[in-house]
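K.L.:
The following block contains the structure, expressed as structure tokens.
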Amino acid sequence: MAKWLDLKHTYNLKGKLLFSCLGIVCIALGTSICRVGGVGVDPFTAMNLGLSARIGMDFGTFQLIVNLIILVAVFRFDKYQLGLGTIINMVAVGYLIEFFTWAYHLLPWQPSGFVSAGVYLVVGTLFFTLGVSLYLKTRMGVAPIDAIAPVIVARTRFTYTPVRMTQDITVAIIAIIAGGPIGVFTIIAAFFTGPLITMWNKVATLRLYRRFKVLDKQELAQEAA
């Protein structure tokens, strides 16, 4: 079995970390655009926004704590789901969403109305899915919340799709109860981003990773399979 977190033998570690960070910035930016546009955020972010507001803790710190709890549980069962990208994601996304939201409200003019909401939704979704594509294809680990379903599948007879749907629905219900920002993007993020992520993989991410040699030949062959 391959050594876990073998950074010394990781192909183009600097490139992988750079594009992991770029992907995480895009995820946070896309989420923030949807948030300020009033079209909702992904279920996990909505849950954490709602719960953090209820207990009076800043969102970035609350999300980091939740991620740490999930990380400990996932590490016990399958540490190979985790990597440096996992750490960057769990630490950075919440605080970046706070920063982008704060920066947006400094602008002298914030568009509103139905048409503007549609623009926020489209632009935010595109940034979010591009970020997921860039982040995941570096193979530097997944976010703690995204590791839960694979761990359950590996230890039960359930298949991935129903497990992931159950997870997302449960998180969304908690978000609703907690008063998190649920909207159209919440549904899109939970169930319909797959085709867009696949599109970004083909038209942008893998082309970039070939151009800048982020992945080695074996990794590229596995992605093409």
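K.L.:
Would you list the membrane-span-like helices of the chain, meaning whole DSSP H runs whose alpha-carbon atoms span at least 30 Å along their axis and whose mean Kyte-Doolittle value is at least 1.0?
P.N.:
Helices passing the filter in the chain: 13-36, 114-136.
K.L.:
Ok, one more. Going toward the positive end of the dipole of region 72-225, with +1 on Lys and Arg Cβ and -1 on Asp and Glu Cβ, which of 221, 74, 142 do you reach last?
P.N.:
221
K.L.:
Separate question: How do 42, 216 stack up against each other in accessible area, from largest to smallest, with a 1.4 angstrom probe?
P.N.:
Largest accessible area first, the list is 216, 42.
K.L.:
Among the lysines in the chain, how many pairs, 8 or more places apart or on different chains, have alpha carbons under 20 Å apart?
P.N.:
So the count works out to 24.
K.L.:
Taking Rh as the Kirkwood radius computed over C-alpha pairs, what is the Stokes-Einstein D of region 82-136 at 37 °C in a medium of viscosity 0.692 mPa s, expressed in µm² per second?
P.N.:
In µm²/s, the coefficient rounds to 249.
K.L.:
Also, quick follow-up: Sort out for me the Cα centre separation of region 99-161 from region 191-225, rounded to whole Å.
P.N.:
The distance from the Cα centre of region 99-161 to that of region 191-225 comes to 17 Å.
K.L.:
Once neighbouring chains are kept in place and the probe is 1.4 Å, which whole percent of the accessible area of region 1-109 is contributed by carbon and sulfur?
P.N.:
The computed percentage sits at 71.
K.L.:
Across all directions of projection, what mean area in square nanometres is found for the Cα convex hull of the chain?
P.N.:
13.3
K.L.:
In addition: Which residue, 88, 200, 177, has the largest displacement toward the positive end of the dipole of region 69-225 when charges sit on each Cβ (Lys, Arg +1; Asp, Glu -1)?
P.N.:
After comparing all options, I get 200.
K.L.:
Given the DSSP H assignment, sum -39500 (n - 2.57) over each helix run of at least 4 residues in the chain and divide by its residue total; what's the result at 222 nm in deg cm²/dmol, nearest 500?
P.N.:
Theoretical 222 nm ellipticity from helices: -23000 deg cm²/dmol.
K.L.:
I would also like to ask the following. Of all trypsin sites (Lys or Arg not before Pro) in region 148-222, which ones are in loop regions per DSSP and have a Cβ with at most 10 other Cβ atoms within 10 Å?
P.N.:
Passing sites in region 148-222 are 155, 157.
K.L.:
Measuring from a point 7 Å past the Cα of residue 212 along Cα-to-C-beta, which residues in region 110-149 have an amide N at less than 12 Å?
P.N.:
134-135, 138
K.L.:
Identify which of 25, 214, 153 has the largest mean-square fluctuation in a Gaussian network model of the chain, with springs joining Cα atoms closer than 10 Å.
P.N.:
153
K.L.:
For the chain, modelled as a GNM with alpha-carbon contacts under 10 angstrom, which of 147, 92, 73 fluctuates the most?
P.N.:
Looking only at 147, 92, 73, the largest GNM fluctuation is found for 73.
K.L.:
Hand me the chymotrypsin sites (Phe, Trp or Tyr not before Pro) from region 1-106 located in a DSSP loop with no more than 11 other Cβ atoms within 10 Å, in residue order please.
P.N.:
4
K.L.:
Got a sec? Which residues in region 176-220 would a label at residue 159 touch, if it sits 7 Å along Cα→Cβ and we count backbone N under 18 Å?
P.N.:
Counting only backbone N, you get 191-192, 194-195.
K.L.:
On to the next question. May I ask you to give the solvent-accessible area per residue for the chain, in square angstrom, as obtained with a 1.4 angstrom probe?
P.N.:
Ligands and nucleic acids excluded, the figure is 54 Å² per residue.
K.L.:
May I pose another question? Could you work out which residue, out of 110, 63, 81, moves most in a Gaussian network model of the chain, that is, has the largest mean-square fluctuation with Cα springs under 10 Å?
P.N.:
For the chain, modelled as a Gaussian network with Cα springs under 10 Å, the answer is 110.
K.L.:
Gain in length, residue 169 to residue 6, computed as 0.36 nm per residue apart minus the alpha-carbon separation, to one decimal in nm?
P.N.:
55.2 nm
The values are calculated or read from the model by the stated rules, or taken from the named source; none is laboratory data. Small disclaimer: the values here were computed from a predicted structure and weren't measured. All Cβ positions, even for glycine, are placed from backbone atoms using ideal geometry, and neighbour counts span all protein chains on display. Note: accessible area is taken over every heavy atom of the protein model, side chains too, but ligands, DNA and RNA are not part of it. Shrake-Rupley method; radii C 1.70, N 1.55, O 1.52, S 1.80 Å.
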